[in-house]
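Below is one structure; the comments refer to it alone.
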Amino acid sequence: MSASPATRRFLAAVLAAGALVGAAAVPAAAHDDDRRGHHGRNSSIVIGDVQHDSRGRDSRALNREWVEVKNTGRNAVNLRGFTLTDQDGNRYRFDRLRLDGRSSVKVHTGNGRDTHRDVYQDRRHQIWDERDTATLRDDRGRVIDTESWGRRGHHDNHRR
């Protein structure tokens, strides 16, 4: 049995409308990836929350200052050789850390015992200021993500 011409026209109109909706959704999704600051299509590593400008010089105060690095993907990523820097050039280099999918690690300024959820820079002074930028680079030195704050409040400054 063949469909009537009216049925075929109706079906063609529905398919055309679906194609337009689908085409409109693709650029929006790509734009979201650009805003997230991912470097390349396969990168799932981003800077998450930031706790900066912790008052005090004791180790507890320095450990309340941290930058979160998140894996938004499903697969684990080896962060060995990745670096996290501030705008003054202070640098933390990840060593032997495998970040599970959909998990995060906090990079604390002070001293402590590294775990899969918390790592420590072992510094004796504050790193992250009221106005600063955290930059995350991969093991080849390519910028993966940036986060800036303190200029008219906390805001993202993601770059490719």
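Taking residue 137 as the residue in question, decide whether it is among the basic types (Lys, Arg), in contact with a Leu (Cβ under 9 Å, 6 or more places away or on another chain) and within 18 Å of residue 48 (Cα to Cα). Talk me through it step by step, then tell me what you get.
Values: among the basic types (Lys, Arg): yes; in contact with a Leu (Cβ under 9 Å, 6 or more places away or on another chain): yes; within 18 Å of residue 48 (Cα to Cα): yes.
The answer is yes for residue 137.
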Residue 48 meets each of (1) modelled with pLDDT under 60; (2) in a strand (DSSP E or B); (3) of a type in the set (Gly, Ala, Ser) with one exception, condition (1)
Worksheet entry | Residue check for residue 130: acidic (Asp, Glu) and closer than 14 Å to residue 47 by Cα | no
Check your understanding: Based on what the data block shows, is residue 37 within 14 Å of residue 137 (Cα to Cα), touching a strand residue (DSSP E or B) at 6+ places or on another chain (Cβ under 9 Å), open to solvent by less than 60 Å² (accessible area, probe 1.4 Å) and at pLDDT below 95?
Key -> yes
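The values are calculated or read from the model by the stated rules, or taken from the named source; none is laboratory data. Note that the structure is a prediction, hence the values are computed from the model and not measured. Using ideal geometry, Cβ is built from the backbone for each residue, glycine included, and neighbour counts are taken over all protein chains shown. These area figures cover heavy atoms from the full protein model, side chains too; ligands, DNA and RNA do not enter into them. Shrake-Rupley method; radii C 1.70, N 1.55, O 1.52, S 1.80 Å.
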